[in-house]
Each structure stands twice: as C-alpha cells, then as structure tokens.
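Please find one structure pasted underneath; my questions will follow.
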Amino acid sequence: MKVQQQTDGSRYRWSDRLTGFNYEEVTMTSPLLPVLILSSLVFIMAAAEPAGCKIRITDKALDMFKFETQKLVEDELTNISFPEMKGTEGRFQYTITDVKITELNLRHVDLQFIPDVGLLFDVQNSSISLSFQRRILYWFFYDTGNINASAEGVNINTAVNLIRDEEGRLKINNISCDAKIKKMRAEFSGTLGRVYDFLARFLTTGMRFYLNQQICPSLNHAALVHVNSMLETIPVRTEVDKYIGIDYSLISDPVVTSQSLDMNFRGMFFDLSNQNLPLVNYAVEPVIREYDRMVYLALSEFFFDSGMFAYYSAGIFQMHIVNEKMPKDLEVLLRTTYFGSIMMLNPALVDAPLSLQLAVNSPPKTTIKTSGATVFMTAIVKVMVLPPGQPPVQLSSMTMETKFNAKVSMRGKRLAVHADLRRFKIFSNQSALESLALIPLQAPLKTMLQMSVVPLINNWTKKGVRIPLADGIDFIEEVVEYHNGFIVIGANLHFSKGLREMIAGSSDAEQTNTTSTV
C-alpha cells in the first residue's frame, strides 16, 4: 500500500498494489479515508491466511500413480461401446455387430506434472486390438464371420487441471485431451475372407474414426465423474470424536511445479458445539523444502494449538478425583497437610471424604523446536472436603503448571500424538507460605497425573486424526522431522486398494448417503 502526499500537505493519493485499487485524491478529513484503509487491511488479512497443514506430493510418487492411472485408462477404453454399423459399398451390403476391444497394449506411458496446471498423462505408439462380427450380402451370396482388427500408432495426450472448489476440496476442473490413431487394419476369416479384403480399408476407416471420437469422452468421464467422486470422499470438514472436528479445506488452489503438487490446508480443529468460534492463525507457516520422498506432510503449531483450544472450549479438560479414584497415599498426605484447616473449619469433618478438582484455566500451548515438541498447560487445583449431605467446602486453591513432551507419529493415514509428563509445579493462589507447605504434595500429585491424567490424554489421541488422503492410500516408511515452529513428516505411499476399487468404494458410499437421506 502506497500513500503519496501532495505539496500542500493536505491531500493524498492512495494506491494499493495488493488489491489493485487506485483511489482518487482524498483529504485527510474525508470520512471515506478510514473506510478505504479498513477495507484494504481486511482484504490483505484475508488473502494472507497461513496454512496450518501442508501436503506435498512429489514426482517420486508419479510412477506409482502412473501404474494405477494406466489400469484405470485401460478399463475405461475396454468398456467403450460401439453401435451396430450398417451400410452399402458397391454391391456389398454389410452389418457389423458385437464390436469389442480385446486387448490394449499401452507401451510408452508417462505421467508428469505440468507447472501451474496439474497433471499430464501421455501414451505414445501403442496399439488396440478389436474383434467384431460381420454379416455381408453380395449378390446372392450371404456370409458371416469374425473380423479381427488392430489399431496401431495410438497416441493419447491428456492434461488435467486441478483447482480448489467452493468447499475447499481438491477437484479436477477440466481436461484437455487429444487422441490419434495412425492406422488400422482388419483380417477377415471365413470362406470368402480373401474376397472381402478390399473392404478392409473402408471398414477400418470408419472404425478408426469412431474409436478416435470415443477415447477422449471416455477419459473425460473417468476423470470428471469417477475421479472427482473419489476426491469428494476425502474429508474436508469432519468429526474427529464426539467433542471436536477438523477443517481440512484448501485455502488456495494447489501449486504445481515440475517436481511437485503442493496443497495448503486450513488445518484447524473446532469445537463441535461451537463450530463458528473464530481462531486466528498467528503461527509460523510450515515450509517444505524436500523432494526425496513421495509425500511430505507439514503441520504448524497452530494445527496442534487449535486442537487443544477445541478440547478446552468443549470443556473436557476437567477432572474430579474422589474416593477410589484418589490414590491412598495422596489422600493421607492431603489429610495431613490440611488437618489444621479442617479442624478450624469443623472438627466433625476430619473423616469426611476429600476430593481434587482439576480444571485447565487457559488453552494449552504447543511449542515446536528442532529438539522436539512440548505442550504447556496450566490448571487450577482445588482441594475440597465433602461433608455428608452438604455442599463441598474448599480447603485450598493452587495453580498447577505442567509441561509435556509430545511425540508425533503416523499410522497409515492417521496422525497420533503421545504425551509424556516432563515438568510439574504447583504453588498456592493464596499465599507464599502455603506454597512452601505444598512442597510435599509435588511428588504424589505428579505421580497421580502420570497415572490418571496422562493416560486419559493419550487415550484421546491414540486413535489419531485422519489426514486428507483418499481411502486406499496410506503413509509408509515415515520420518518425522522437527523444525522451529512446525513438523515435517516425510513418507512413501502405498496403495492398499487399486484406483478402480477406490472409485467403486466412493460410488457405494455416495449411494448409501443418498439412500439414507431419502
């Protein structure tokens, strides 16, 4: 944004390179000036939303995708249907039926990235074998038989354009396709096979023309309908558990270079009971620099912080420890520590049950450094005595500060986190003197956290959260690297299902959803 002051010092010309807006001269007292400045700032902030999650698919994965794409193309071309062909050529009357593609020989197949576009699937110098039935009437002679034909020099060039759709989902926007068959020949069988050889050129010309016309529509349908239906099964905004969900919507169109396909996702968890609660991403944006593995997943501190914030907002970071949930040694220590307070309160409560109420008082904070990831959490711990038939009475209130080491791992396409308590500290909210009296409680409270709270946290996170990959594609051979402000997981990919099977699964899921809706 650039503001130029005129010579009189009272008028300004304002231009904004980011928005492309050019504004007329306005005076500094004009009521329009703050509105224009605010609108520009809002535009800049919206355009600069950083990604909480990034995925890079490199050209190392293209060989695997090429194999699956080739099988899909072969299936689509094999299923091309041909109409019955009738006609007259001289004194010959012919009918061609039951045209079938019997063999595809895709010899030279390549799949590569097209910078700023998407993917290119290229087939060169391949062949297609066909068979069909003939019925021919020549004068008074009637003949039937089989014809074997072959198309040579088959070249197919298909470019797929990838975009972000309105829902933030990866989508094939359009396809440019060019298919050519250089030549086609046919062999007749039957008693008059050689007599009909001169018909071969006529018949194969029509067959080659029809086949040329059908290849691209068949591939267009496969991509725009079948593959897009599979992409729609990839979670964009979905539930993680009964408390929180996650938003994996793309925040921009995918970036395609000659080496990779890069996708920037919002990567934000949310409280299911308050899904529109705003949360601004101020974290360092992840950076992926590597190309050595098939896929890279990068996660910022915001990704993990939003998860903690969502759980905090859902109110699950609370615990009431009483009766059998409280370790006996901790109960004895609490009674010893607060014996005087109980006696001063009411001597009759000496044998009344004690309880601990833990409540996290602010969203936990994640810090990622090259040495690893840590989560800092503070909570208010209240020591309560429970008089029979009466409301609980507070004996003390203390602040608990904890620091957890967080180990990130991948299983298939689920991201999991395992927490380990590393630092623990408590101090009184009432006086420094009471903080000294709490020192004997440090060790047993830490043990209680390790035995009760930490397993509860790990139980929430062990199932993991699904990353935005289609069913049938999994991470293998993962390597986790920690950087300042973000994590990068490099891995290879494994197809547990074929592409055709994945498409069939997405169609079944769509039919199930439609039936349940009806």
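The values are calculated or read from the model by the stated rules, or taken from the named source; none is laboratory data. In this text the structure is predicted, and so the values were computed from the model without any measurement. As a convention, Cβ positions derive from the backbone with ideal geometry for all residues, glycine included, and neighbour counts pool all protein chains shown. The protein model used for the area step is the full one, side chains on, heavy atoms only, and it has no ligands, DNA or RNA in it. Shrake-Rupley method; radii C 1.70, N 1.55, O 1.52, S 1.80 Å.
Longer than 30 Å from Cα to Cα, which of LYS325/LYS403; LYS71/LYS463; LYS54/LYS463 are they? Say none if no pair is.
The pairs that break the limit, which is 30 Å between Cα atoms, are LYS71/LYS463.
Let me ask something else about it. Could you give the length gained by full extension between SER362 and ASN346, i.e. 0.36 nm per residue of separation minus their alpha carbon distance, to one decimal place?
So the chain would gain 2.4 nm between SER362 and ASN346.
Shifting gears a bit: Looking only at segment 126-144, which residues have a backbone nitrogen under 14 Å from a spot 7 Å from the Cα of GLN93 in the C-beta direction?
Only 135-143 fall inside the zone, counting backbone N under 14 Å.
So how far, in whole Å, is the C-alpha centre of segment 199-259 from the one of segment 141-174?
11 Å
Can you pull the accessible area of THR238 for me, 1.4 Å probe, Å² to the nearest 10?
Counting only protein heavy atoms, THR238 exposes about 50 Å² to solvent.
In square angstrom, rounded to the nearest 10, how much accessible surface does VAL417 have for a 1.4 Å probe?
That residue has around 40 Å² of solvent-accessible surface.
Any idea how far the Cα center of segment 326-362 sits from the one of segment 425-475, in Å?
22 Å
Which value in nm describes the separation of the simple spin-label points at GLU167 and GLU49, placed 7 Å from the Cα toward the beta carbon?
Those two pseudo-labels are separated by 1.7 nm.
Quote to one decimal, in nm, the extra length available between GLU74 and ASP178 on full extension: 0.36 nm per residue of separation minus the C-alpha distance between them.
Difference between extended and current length: 35.8 nm.
With every protein chain kept in place and ligands, DNA and RNA left out, what is the accessible area per residue of segment 372-501? Probe 1.4 Å, answer in Å².
Dividing the accessible area of segment 372-501 by its residue count gives 46 Å².
A further question on this structure: Enumerate the residues in segment 444-460 having an amide nitrogen under 18 Å from the point lying 7 Å beyond the Cα of LYS325 toward its Cβ.
So the set is 445-460.
Quote to one decimal, in nm, the extra length available between GLU103 and VAL280 on full extension: 0.36 nm per residue of separation minus the C-alpha distance between them.
Length difference between fully extended and current span is 58.1 nm.
Considering only protein heavy atoms and a probe of 1.4 Å, how much of the accessible area of segment 195-352 is carbon and sulfur, as a whole percent?
56 percent
Using alpha-carbon pairs under 8 Å, 6+ residues apart, how would you state the relative contact order of segment 434-509 in percent?
So the answer I get is 22 percent.
How would you order 480-493, 360-373 from highest to lowest mean count of nearby Cβ atoms within 10 Å?
In descending order of packing, they fall as 480-493, 360-373.
Express the relative contact order of segment 101-195 as a whole percentage, based on alpha carbon pairs under 8 Å and six or more residues apart in sequence.
25 percent
Quick check: with the 1.4 Å probe, what order do LYS71, LYS100 take by accessible area, largest first?
I get LYS100, LYS71, largest accessible area first.
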